[in-house]
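The values are calculated or read from the model by the stated rules, or taken from the named source; none is laboratory data. Owing to the predicted nature of the structure, the values given are computational and were not obtained by experimental measurement. Using ideal geometry, Cβ is built from the backbone for each residue, glycine included, and neighbour counts are taken over all protein chains shown.
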Amino acid sequence: MLSLGFVFILIITIHQSAKAQYYFYNNNYFDNPLVFEAGASIGAMNCLTDLGGTKGIGGKFIKDLNLGNTNVCGSIFFSAQYKHAVTVTLQATFGKVSAHDSILKRVAPSTFGRYERNLSFKSSITEVSLMAELHPLYTFINWAAKETEPPRLSPYITAGIGYFSFNPQAKLNNNWVDLQPLSTEGQDFKEFPDRKKYKLNQLNFPIGAGVRYELSPMFNLRAEFIYRVLNTDYLDDVSTQYIDPALYANYLSGINLSHALLLNDRQYEIVPNDVTHTGSQRGNPKNNDCYFSFNLKAGLILGRARR
């Protein structure tokens, strides 16, 4: 909240100092050093977690990206743009992430047991982020001094902070079951003091790049890629090792106990006689999960006036 307040005060201060300092945008419009933009986007969202992926033992980023797990996402945003060079954006993003080991069926012999693990998840994503864009072509080049019209196409880099919610679920008998309450890896069990139950609302750190195109004095278009650095390895409810299933009865009861016994280990659905050993690998705790998106954005410019 302090950062939001600081940005708001900064915008108002710049606006007051820049107010009435109009200059020519083109033959039909005046411009202001500070203009605002409101808009929306549509795009694609994917994730990199312990589940799914491609052949091999699994790796970081592109090495284990499976485009079959791509889902639709969208956003709405409001931003303040100073002299085309720096933009501060408040954005709400809505999407979904998912992954499933069954996607590896065609390359099963090369997945070192990941296909046979047979786990899956989906989760809705709701995110609010505060981000800054830096446009090098406007920051480091004085187009007025060059007496040259600035380019309409402007690449940029962007970074900020976000707050997102997620809730991993798995499908069982045609019903979607919330996984976090089941402690599938013994989270909050006294036998595993280092495994705490993960929170479903957390901070993230979006970073990315894009390109802005000034379609007209009143409209901007953007293509933007944003990667979210997360503080959790449980976006998919998978991180470390299998536990002794007998422990669930000490902490769970009723439907949650039944669900935990069926969903913590699903190898029996692929290999009916398989016996999973306590402590064997379920996920890789060395790398946190992440999700990312590619969006096409359209924005309405507020603050320019006709001559």
For region 259-307, enumerate the residues that are in a helix (DSSP H, G or I) and either of a type outside the set (F, W, Y) or touching a His at 6+ places or on another chain (Cβ under 8 Å) (or both).
H259, A260, L261, L262, L263, Q267, E269
Quick one: which strands (runs of 3 or more DSSP E) sit completely within region 155-229 and have at least 3 residues that are modelled with pLDDT of 95 or more and under 30 Å from E269 (Cβ atoms)?
169-172, 175-178
Given Y268, Y242, Y248, which one is modelled with pLDDT under 95 and over 27 Å from the mean Cα position of the chain (by Cα)?
Y268
Checking I62 against (1) out of contact with any Cys (no Cβ under 7 Å at 6 or more places or on another chain); (2) within 18 Å of V229 (Cα to Cα); (3) at pLDDT 95 or above; (4) β-branched (V, I, T), which test does it fail?
(3)
Tally of residues being crowded, with 16+ Cβ neighbours inside 10 Å and within 16 Å of K197 (Cβ to Cβ) across region 233-261:
16
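Which of the helices (runs of 4 or more DSSP H) contained wholly in region 67-148 include at least 1 residues that are touching a Gly at 6+ places or on another chain (Cβ under 7 Å)? Working first, answer last.
Values: elements: 114-117, 136-139, 143-146.
The helices (runs of 4 or more DSSP H) meeting that bar are 114-117.
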Tell me which residues, restricted to region 238-257, are touching a Gly at 6+ places or on another chain (Cβ under 9 Å) and part of a loop (DSSP other than H, G, I, E, B).
V238, S239, T240, Y242, I243, D244
Top-ranked residue of region 69-84 - restricted to ones that are surrounded by 18 or more Cβ atoms within 10 Å (Cβ to Cβ) and among the aromatic types (F, W, Y), ranked as farthest from the chain's Cα centre (by Cα):
Y82
Candidates S120, S129 - the one that is in contact with a Pro (Cβ under 6 Å, 6 or more places away or on another chain), of a type in the set (S, T, Y) and modelled with pLDDT of 95 or more:
S129
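Within region 149-160, work out how many residues are within 16 Å of L134 (Cβ to Cβ) and touching a strand residue (DSSP E or B) at 6+ places or on another chain (Cβ under 8 Å). Let's see the steps before the verdict.
If we filter region 149-160 for residues that are within 16 Å of L134 (Cβ to Cβ), which is where we start, we get 150-151, 153-160.
Filter again for touching a strand residue (DSSP E or B) at 6+ places or on another chain (Cβ under 8 Å), leaving 153-160.
Qualifying residue count for the region: 8.
Scanning region 40-58 for residues that are of a type in the set (G, A, S) and in a loop (DSSP other than H, G, I, E, B), which turns out surrounded by the fewest Cβ atoms within 10 Å (Cβ to Cβ)?
Step one: list which residues in region 40-58 are of a type in the set (G, A, S), which gives 40-41, 43-44, 52-53, 56, 58.
With in a loop (DSSP other than H, G, I, E, B) added as a condition, the list becomes 52-53, 56, 58.
Working: G52: 27, G53: 23, G56: 13, G58: 19.
Looking at the filtered set, the residue picked out is G56.
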